[in-house]
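Visitor: If you scroll down you'll find the structure; I have some questions about it.
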Amino acid sequence: MKNQFSILLILSIIFFSSCSEDDENGSEFGDLPEELLGTWGSVDLTSTGCTTASDNGSCSVGCLTVTFSSGGIFTGQFYNEVIGGTVTANDNTLKLCDSSGFCNEITYSISGDLVEITWTDSIDGCTYKGVIALVGFPSELVGTWISNSASATGCDDSSDNGTCEQDCLSYTFQTTGAFNGTFANEPERTGFGYTIGSDLFLCWSGEFSCQEISYSVSGDSGSVSWEDNEDGCSYEADISKQ
């Protein structure tokens, strides 16, 4: 009887100790801070120490997009993979868990509209480090802009070099970061974007592709320039708001 009592006592201590530890661990992560709510896109991301050497490398913009919603939900895309699940946070760590229960803990540091992130993936062994920016356009860019003149130089195909007249470029930007527009003879494109300083980043819907554009605006007029990722052209254009 004494032995049975001792065993029950030990089991009780273990049980309550385990519950206490679970409560403490559970309390480490809670709701997301308000400044993280919204959609974020990567500005720079590198991977090192990967199990497969070819996975080491870097990408410039758009290889990671993620939306954090109130209620602890996240959705997004990482390279060509659709991601989603639940997210909680403590002082400097995010815990993202997918529907299968697999979780990654990401260390983060907020600086205005930029967040530095670091994590090690237990599946591919990669250590990822990068910066993400809050998606959205400043008020000075919101609206519809058209080109007054535009030129292309240094194109891979020399026949693409040249100039175009007014309206060959037309884009509409929304505060939320959504945009749509056309350029030259291309079909209309849509997507999301964000700005960092005087650089504008546009990421196309349905494509794993983003374009970095330098811009300058003053009132209803401005200029843009960019090196095209696809045709190798260097573009410059004078633009005005409609």
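Visitor: Explain nothing, just compute: Karplus ³J(HN,Hα) = 6.51 cos²θ - 1.76 cosθ + 1.60, θ = phi - 60°, for every residue of region 178-189 in order, whole Hz, x for Gly and Pro.
Guide: 6, 8, 8, x, 9, 9, 6, 9, 6, x, 4, 10
Visitor: Now for a different question. From the Cα gyration tensor of region 179-242, with a ≥ b ≥ c the square roots of its eigenvalues, which class applies: rounded if a/c is under 1.5, or else prolate if a/b is larger than b/c, or else oblate? Write down the numbers at each step before the final one.
Guide: Working: a/c = 1.42, a/b = 1.40, b/c = 1.02.
Cα axes put region 179-242 in the rounded bin.
Visitor: Follow-up question, since we're still on this one. With n ≥ 4 as the cut-off for DSSP H runs, can you work out [θ] at 222 nm for the chain, using -39500 (n - 2.57) per run divided by the number of residues, rounded to the nearest 500? Walk me through the intermediate numbers first.
Guide: Details: 1 runs with 27 residues, N = 242.
Theoretical 222 nm ellipticity from helices: -4000 deg cm²/dmol.
Visitor: Related question: For each of TYR128, TYR108, count neighbouring Cβ atoms within 10 Å of the residue's Cβ, then give the residues from fewest to most. The partial results should precede the final answer.
Guide: Numbers: TYR128 21, TYR108 17.
Starting with the residue having the fewest Cβ neighbours, the order is TYR108, TYR128.
Visitor: Right, here's the next one. Give the angle, between 0 and 90 degrees and rounded to the nearest 10, that separates the Cα long axis of helix 2-28 from the longest principal axis of the Cα atoms of the chain.
Guide: Tilt relative to the chain: about 20 degrees.
Visitor: Please check: in the Gaussian network model of the chain (C-alpha springs, under 10 Å), which one of ASN92, ASN104, ASN185 has the largest mean-square fluctuation.
Guide: ASN185
Visitor: With contacts defined as alpha carbon pairs under 8 Å and 6 or more residues apart, what's the relative contact order of region 143-241 in percent? Walk me through the numbers before you get to the answer.
Guide: Details: 227 pairs, mean separation 28.0, N = 99.
It rounds to 28 percent for region 143-241.
Visitor: Ratio of alpha-carbon Rg to the 2.2 N^0.38 Å globular estimate for the chain, to two decimals, please. Before the final figure, lay out each step's value.
Guide: Details: Rg = 24.3 Å, N = 242, 2.2 N^0.38 = 17.7 Å.
The value comes to 1.37.
Visitor: On to the next question. If I model a spin label as a point 7 Å beyond the Cα along the Cα-Cβ vector, how far apart are those points for GLU140 and ILE110 in nm?
Guide: The two pseudo-label positions are separated by 2.5 nm.
Visitor: Based on other C-beta atoms within 10 Å, arrange PHE173, PHE78, PHE68 from fewest to most. Please list the in-between numbers first.
Guide: On the way: PHE173 24, PHE78 15, PHE68 21.
By the 10 Å Cβ count, ascending: PHE78, PHE68, PHE173.
Visitor: What stretch of the chain, leaving out the sites themselves, is the longest with no GluC sites (Glu not before Pro) in a DSSP loop having at most 14 other Cβ atoms within 10 Å?
Guide: Numbers: sites that count: GLU165, GLU188, GLU207, GLU230.
With a cap of 14 other Cβ atoms within 10 Å, the longest stretch comes to 1-164.
Visitor: How many angstrom lie between the C-alpha centres of region 120-177 and region 196-234?
Guide: 3
Visitor: Sticking with this structure for a sec: Would you mind ranking ASP121, ASP91, ASP231 so that the residue whose beta carbon has the fewest other beta carbons within 10 Å leads the list? Write out the running numbers ahead of the final one.
Guide: Values: ASP121 17, ASP91 7, ASP231 13.
Ranking ASP121, ASP91, ASP231 by Cβ neighbours within 10 Å, fewest first, gives ASP91, ASP231, ASP121.
Since every read-out is calculated from the coordinates, none of them should be taken as a lab result. Given the structure is predicted, the values throughout are model-derived calculations rather than measurements. Virtual Cβ from ideal backbone geometry, glycine too; neighbours counted across all protein chains shown.
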